[in-house]
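So the structure is just underneath, and the comments pick up after that.
The values are calculated or read from the model by the stated rules, or taken from the named source; none is laboratory data. Keep in mind that this is a model prediction, so the values were computed, not measured. Heads up, the Cβs are rebuilt from the backbone with ideal geometry, glycines too, and the neighbour counts pull from every protein chain shown. We work out accessible area using only protein heavy atoms, side chains counted, and drop any ligands, DNA or RNA first. Shrake-Rupley method; radii C 1.70, N 1.55, O 1.52, S 1.80 Å.
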Amino acid sequence: MCRHLVYLGAPRLLTDLVLTPPLGLLRQSYLPRDMRGAGYVNVDGFGVGWYPGGGDKAVRYRGSRPLWADESFAQIAAVTEAGVVLAAVRSATDGMPVVHTACAPFTDGHWLFSHNGSIAGWPGSIGALAAELPVTDLLTLDAPTDSALLWALVRARLRAGADPGRTLAELVASVAAVAPRSRLNLLLTDGVTVYATAWGHALTTLVDRDSVTVASESYDEQPGWEQVPEGYLLRGTATTGVQCRPIEPSRTDHREGVQ
Ligand code: GLN
């Protein structure tokens, strides 16, 4: 399953967040430590999103090759600083295409989004939820994948003015209700606040006085990394740290069978 990360804090080189940490995303692309039985490596592309000049418009760089194979990204990362970054390396779920458009982050204006996991029973299990979307949203998905559909559902609710944390929690609960055994670790930022769910996969945080990192796996062995409990929604900012609360499960959810 993919690995992802959000950093909020003082500006840092993308290299220092993504490529050089000893256990960071580069290493997680070929030697992740906590995949929970869902895949072995994360070599089906990658993506990095950030906010140039500290502005509120997100940009991203995505590629369909393994993170280590993209020399152009390494050059850009070595000279690009950002105070807010969302990055991911991908392990394509069986049957889903290996194309750069399937890689996180998905984006819309100031939003950056990633999904680590899979929807069980895709695509049949999720048909009724997908039908809530305007046809044009379905025709213009980034890619024919579960993650791109989840992003379209999140984006539609955000555009309608919904609260971001509640949006993620409600979506996780409603997908789990119709597709039990799904893994739904979602990660969303607007450039100020990070929202994340731990649902079927590992999620960990590193908080210090003026930064917050939320990641599938810790990127080094320094003390201070803390696991987010399974079934929780997280909200964090660089100045207020992180707060977590349980996601209200739907009555028809049966997570004990997570695959
Ligand atoms: N199911 C998603 C995809 O194929 C995410 C994969 C993952 O988390 N490994 O892109």
Taking the chain as the reference, fit the longest principal axis to its C-alpha atoms, fit the long axis of helix 146-159 to the helix C-alpha atoms, and give the angle between the two in degrees, 0 to 90, nearest 10.
90
Would you work out the charge dipole size for the stretch 1-160 about its Cα centre, treating the Cβ of every Lys and Arg as +1 and the Cβ of every Asp and Glu as -1, and quote it to the nearest 20 debye?
200
Highest-MSF residue in the chain out of ILE247, ILE76, ILE119 [GNM, Cα springs under 10 Å]
ILE76
Residue separation between THR140 and THR20 times 0.36 nm, minus their alpha-carbon distance, gives in nm 39.7 nm
Taking all protein chains in place and a 1.4 Å probe, what share, in percent, of the accessible surface of the stretch 113-259 do carbon and sulfur account for?
52
Using the Karplus equation 6.51 cos²θ - 1.76 cosθ + 1.60 (θ = phi - 60°), what ³J(HN,Hα) coupling, rounded to whole Hz, does each residue of the stretch 219-227 give in order, writing x for Gly and Pro?
9, 7, 9, 5, x, x, 6, 10, 6
Give the long-range amide H neighbours of ALA120: residues separated by 5 or more places, or on another chain, with amide H under 5 Å away, using H modelled in the peptide plane at 1.01 Å from N.
SER182, ARG183
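Tell me, what is the per residue accessible area of the stretch 98-232 in Å², probe radius 1.4 Å?
36
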Could you sort LEU139, LEU5 by their accessible area in this structure, using a 1.4 Å probe and putting the largest first?
LEU139, LEU5
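Is the stretch 55-166 best put as rounded, prolate or oblate by its Cα gyration tensor, with a ≥ b ≥ c the root eigenvalues, rounded for a/c under 1.5, and otherwise prolate when a/b is larger than b/c, oblate when not?
Working: a/c = 2.41, a/b = 1.36, b/c = 1.77.
The shape class here is oblate.
What does the charge dipole of the stretch 118-246 about its Cα centre add up to, to the nearest 20 debye, if the Cβ of each Lys and Arg holds +1 and the Cβ of each Asp and Glu holds -1? Walk me through the intermediate numbers first.
Numbers: 9 positive and 14 negative charges, 87 e Å.
The calculated dipole for the stretch 118-246 is roughly 420 debye.
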Label-point gap, in nm, between ASP94 and GLU248 - each point 7 angstrom along Cα→Cβ:
3.6
Under the 0.36 nm per residue contour assumption, what length would be gained going from the current alpha-carbon distance of ASP208 and ALA78 to full extension?
44.4 nm
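From the Cα gyration tensor of the chain, with a ≥ b ≥ c the square roots of its eigenvalues, which class applies: rounded if a/c is under 1.5, or else prolate if a/b is larger than b/c, or else oblate?
Working: a/c = 1.37, a/b = 1.30, b/c = 1.05.
In terms of gyration-tensor shape, rounded.
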